[in-house]
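Student: I have a structure I would like to understand better, so I am pasting it below and will then ask my questions one at a time.
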2 protein chains.
Amino acid sequence: MIEKFQQTIQEEIEKLSAELAVPPAELYEPIRYMLSLGGKRIRPLLTLMACDLFGGNINDSVSSALALELFHNFTLVHDDIMDNAPLRRNKPTVHSKWNNSIAILSGDVMMVKAYQLLSKGKMCDAILPIFNEMAVKVCEGQQWDLNYEQLYKISIPQYFKMIELKTAVLIAACMKIGALLGGAKTEDANHLYEFGKNTGIAFQLQDDLLDIYGEEEKFGKQKGGDIIANKKTFLLIKASDIASNNPYLKEELDQWMSVKTLNDKDSLEKVKAVTKIYDFVNIQKITKEEINSYHLKAVSALEKVSASPDKKKHLVEFTSSLLQRQS
Amino acid sequence: MIEKFQQTIQEEIEKLSAELAVPPAELYEPIRYMLSLGGKRIRPLLTLMACDLFGGNINDSVSSALALELFHNFTLVHDDIMDNAPLRRNKPTVHSKWNNSIAILSGDVMMVKAYQLLSKGKMCDAILPIFNEMAVKVCEGQQWDLNYEQLYKISIPQYFKMIELKTAVLIAACMKIGALLGGAKTEDANHLYEFGKNTGIAFQLQDDLLDIYGEEEKFGKQKGGDIIANKKTFLLIKASDIASNNPYLKEELDQWMSVKTLNDKDSLEKVKAVTKIYDFVNIQKITKEEINSYHLKAVSALEKVSASPDKKKHLVEFTSSLLQRQS
């Protein structure tokens with residue numbers, strides 16, 4: 001079933017990409033480039049699965065699914081400019097392959113194209129407000145992320161609020177929109193929103209973990225990039241919390257966080273040193289427990305949904321498998 | 001009548017601005033700042049006038065009018081980053097007052113907020129596709145503009161296509177959307193689109209003219225900024241066309257266009273020299289004739305519309321007055 005959905009999405013993405021082979025190339029090539037980089041297409045896949053869960057025809061949800069994937073890619077392009085990221089999925093980011101202006105503008109048009117796909121889809125009246133609310137929250141999440149980069153320390157609740165906005169509400173919106181297009185009642189669509197939100201938080205925790213404990217080559221990003229950028233990940237905040245009871249560890253972590261590395265050798269040293277602290281406080285185990293706890297919250301929201309138990313099981317298996325990934 | 005419409009728009013903008021006094025301030029303050037800079041609010045005003053032209057209730061078009069103004073402001077924020085512009089309406093641009101990341105992100109959320117306003121309005125199903133098509137074209141126009149900055153010379157038709165996309169289709173969409181919300185038939189709404197498109201082209205020609213021949217203080221931009229940036233304005237392209245028959249003039253213009261000025265003194269010298277060439281070829285008169293010709297095209301499209309002759313007259317008077325402006 002999942003393979004069939006993935007194939008549908010791939011075909012639709014290729015169709016869209018072919019339609020975008022038009023001038024001005026500087027505007028549309030970056031979109032085709034982003035779409036060609038692949039990725040797991042988790043968001044459109046979850047949209048289709050949510051639609052199917054209620055016995056809906058996935059053809060009714062495919063253009064909204066694509067809109068959500070396009071919106072996701074738009075956020076990646078703009079975030080990469082703000083984060084000064086050189087690589088995305090092991091390939092140059094749009095702003096490094098072209099330039100900032102092109103990355104800003106092709107990102108903008110990606111967002112508009114997402115709205116175009118939505119407006120072509122069914123039930124646009126019902127779905128547009130959900131999409132808009134999600135999009136506002138994603139921007140807010142990115143802004144909190146930028147703000148927190150300037151702070152020495154943020155709290156665990158601040159972290160969870162930030163990733164809920166930046167990452168989880170998009171997954172939640174995919175589930176809710178897919179559900180509504182599949183014919184779900186409002187109540188069930190809202191349960192699926194909760195399923196998606198908690199799953200999204202678990203995904204982000206997993207992402208934070210993979211920055212250090214992932215298989216670099218498959219992950220397609222610089223290993224320890226979050227440490228080098230002093231990014232406020234769950235690992236850092238939790239380790240910092242634990243270290244507050246251990247003066248030696250605290251000083252060690254504080255010192256490394258104050259280091260701005262300017263070359264690869266220094267960066268590598270910083271990553272090694274911080275990873276050692278992470279290992280010492282057993283951060284991998286703690287993070288995995290946290291991931292599991294959000295996964296269980298998601299599953300319990302899904303249990304409340306009136307839908308085929310078999311299809312619900314598939315959905316849980318699929319998200320579980322994503323949370324086991326090493327890259 | 002116009003004063004009443006302007007008041008309605010101002011009140012709605014203030015209401016919106018008050019709603020945006022929420023965290024994260026870094027995301028929403030730039031929007032409030034842009035809205036506070038004023039401007040002539042031509043786009044929402046034309047939307048309301050188009051609605052009123054067909055006897056519609058302007059309350060039915062005010063949220064779409066605001067969406068169009070917000071979209072316009074979003075393009076200004078992002079364009080200013082790409083153009084490296086320090087000033088907008090005599091005040092620091094968002095990216096210079098804050099930074100590029102904040103300008104990118106607050107611009108993004110402005111676009112989403114525009115869609116939120118649209119989705120609140122009437123007839124969203126009919127209006128969303130018009131809005132989307134316009135938004136795509138505006139991005140394309142900006143991309144052509146960026147591309148043309150790299151070229152030594154573009155043709156007059158390339159220029160007109162570029163400003164049609166970048167500037168005129170937004171005015172056209174304002175008119176068409178306002179008309180539909182006012183109850184216009186498709187045919188009349190399309191005539192108003194033509195009216196808006198030709199008026200928008202005339203506005204841009206006027207803008208090009210005011211870069212040199214405007215009253216600087218009122219205009220709120222650096223005088224001759226287009227010349228310093230080697231911007232492909234109607235004045236430059238037309239002067240360059242004329243100069244192609246005059247070897248001395250051609251060499252003089254070519255030489256100045258190849259100068260990249262690095263300080264204020266050199267910039268001033270370049271502006272003076274190019275203005276002298278413009279004066280010599282009588283560019284002001286030629287441009288004014290071109291403006292008049294597009295204005296007449298607009299008026300002739302409006303004549304085809306079945307609506308109150310009095311209200312049509314008001315609309316023509318209003319756009320004429322804008323084309324007489326000196327700043």
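The values are calculated or read from the model by the stated rules, or taken from the named source; none is laboratory data. Bear in mind the structure is a predicted one, so any value in this text is a computation, not a measurement. So basically every Cβ, Gly included, is an ideal-geometry build from the backbone, and we count neighbours across all protein chains shown.
Student: Taking the criterion of being of a type outside the set (S, T, N, Q), part of a helix (DSSP H, G or I) and touching a strand residue (DSSP E or B) at 6+ places or on another chain (Cβ under 8 Å), would at least one residue in region A:76-87 satisfy it?
Tutor: Yes - at least one qualifying residue is present in region A:76-87.
Student: Which of (1) free of Cβ contacts under 8 Å to residues at least 12 places away in the same chain; (2) not in a loop (DSSP other than H, G, I, E, B) does B:I237 not meet, given it meets every other one?
Tutor: Checking B:I237 against (1) free of Cβ contacts under 8 Å to residues at least 12 places away in the same chain; (2) not in a loop (DSSP other than H, G, I, E, B), the one that fails is (1).
Student: Further, regarding this structure: Testing A:A202 on (1) under 19 Å from A:Y148 (Cα atoms); (2) touching a Phe, Trp or Tyr at 6+ places or on another chain (Cβ under 8 Å), one condition comes back false. Which one is that?
Tutor: Answer for A:A202: the failing condition is (1).
Student: Further question on the same structure: Here are the criteria: (1) facing chain A (nearest Cβ under 10 Å); (2) surrounded by 24 or more Cβ atoms within 10 Å (Cβ to Cβ). Tell me which single one B:Q116 does not satisfy.
Tutor: Condition (2) is where B:Q116 drops out.
Student: Still on this model: Within region A:83-90, can one find any residue that is at pLDDT 95 or above and facing chain B (nearest Cβ under 10 Å)?
Tutor: No - not one qualifying residue is present in region A:83-90.
Student: Closer than 30 Å to B:D52 by Cα and either surrounded by 13 or more Cβ atoms within 10 Å (Cβ to Cβ) or touching a Gly at 6+ places or on another chain (Cβ under 8 Å) (or both): which single residue out of B:V281, B:V316, B:V259 fits that description?
Tutor: Testing whether each residue is closer than 30 Å to B:D52 by Cα and either surrounded by 13 or more Cβ atoms within 10 Å (Cβ to Cβ) or touching a Gly at 6+ places or on another chain (Cβ under 8 Å) (or both) leaves just B:V316.
Student: Failed condition for A:C51, given (1) over 18 Å from the mean Cα position of the chain (by Cα); (2) within 14 Å of chain B (Cβ to nearest Cβ), with all others met?
Tutor: A:C51 satisfies all of (1) over 18 Å from the mean Cα position of the chain (by Cα); (2) within 14 Å of chain B (Cβ to nearest Cβ) except (2).
Student: Restricting to region B:87-127, name every residue that is without any contact (Cβ under 8 Å) to a residue 12 or more places away in the chain, over 15 Å from A:C139 (Cβ atoms) and touching a helix residue (DSSP H, G or I) at 6+ places or on another chain (Cβ under 7 Å).
Tutor: Within region B:87-127, B:S119, B:C124, B:D125 qualify.
Student: Still on this structure: Six or more apart or on different chains, Cβ atoms under 6 Å: show the pairs whose first residue is in region A:191-210 and without any contact (Cβ under 8 Å) to a residue 40 or more places away in the chain and more than 17 Å from A:I283 (Cβ to Cβ) and whose second is part of a helix (DSSP H, G or I) and among the hydroxyl-bearing types (S, T, Y).
Tutor: A:G200/A:T167
Student: Condition check: of a type in the set (S, T, Y) and free of Cβ contacts under 8 Å to residues at least 60 places away in the same chain. Does B:S63 satisfy that?
Tutor: In short, yes.
Student: Being facing another protein chain (nearest Cβ under 9 Å), surrounded by fewer than 21 Cβ atoms within 10 Å (Cβ to Cβ) and not basic (K, R): is that true of B:N59 here?
Tutor: Judged against the criteria, B:N59 is not a match.
Student: Working carefully through the options B:K260, B:K223, find the one that is under 20 Å from the mean Cα position of the chain (by Cα) and in a loop (DSSP other than H, G, I, E, B).
Tutor: B:K223 is the lone residue from the list that is under 20 Å from the mean Cα position of the chain (by Cα) and in a loop (DSSP other than H, G, I, E, B).
Student: For residues in region A:119-133 being more than 7 Å from every other protein chain (Cβ to nearest Cβ) and over 26 Å from A:L20 (Cα atoms), which is farthest from the chain's Cα centre (by Cα)? Before you say what the answer is, go through the steps one by one.
Tutor: Pass one, region A:119-133, residues more than 7 Å from every other protein chain (Cβ to nearest Cβ): A:120-123, A:126-127, A:130-131, A:133.
When the remaining residues are screened for being over 26 Å from A:L20 (Cα atoms), the result is A:126, A:130, A:133.
Values: A:A126: 24, A:I130: 18, A:E133: 17 Å.
Filtering region A:119-133 for residues that are more than 7 Å from every other protein chain (Cβ to nearest Cβ) and over 26 Å from A:L20 (Cα atoms), the one farthest from the chain's Cα centre (by Cα) comes out as A:A126.
Student: Sticking with this structure for a sec: Which of the residues spanning region B:21-56 are in a loop (DSSP other than H, G, I, E, B) and touching a residue at least 24 places away in the same chain (Cβ under 8 Å)? Please lay out each step first, then the result.
Tutor: From region B:21-56, those in a loop (DSSP other than H, G, I, E, B) are B:21-24, B:37-41, B:54-56; that's our starting set.
Selection gives B:L37, B:G38, B:G39, B:K40, B:R41, B:F54, B:G55, B:G56.
Student: Of all residues being surrounded by 18 or more Cβ atoms within 10 Å (Cβ to Cβ) and basic (K, R) in region A:134-168, which is farthest from the other protein chains (Cβ to nearest Cβ)? Just the residue, please.
Tutor: Per the criteria, the residue is A:K166.
Student: Within region B:183-207, can you find the residues that are within 20 Å of the chain's Cα centre (by Cα) and either at pLDDT below 95 or basic (K, R) (or both)?
Tutor: Passing the criteria: B:K197, B:D207.
Student: Residues to consider are B:A184, B:A173, B:A202; find the one that is surrounded by 18 or more Cβ atoms within 10 Å (Cβ to Cβ), out of contact with any Lys or Arg (no Cβ under 7 Å at 6 or more places or on another chain) and not in a helix (DSSP H, G or I). Talk me through it step by step, then tell me what you get.
Tutor: Values: B:A173 fails: not in a helix (DSSP H, G or I); B:A202 fails: not in a helix (DSSP H, G or I).
Just one listed residue meets the conditions, B:A184.
Student: Right, another one. Just to be sure before I move on: is B:D108 among the charged types (D, E, K, R), facing chain A (nearest Cβ under 7 Å) and at negative phi in the structure I sent? Before you say what the answer is, go through the steps one by one.
Tutor: On the way: among the charged types (D, E, K, R): yes; facing chain A (nearest Cβ under 7 Å): yes; at negative phi: yes.
Here the answer is yes, as B:D108 does meet what is asked.
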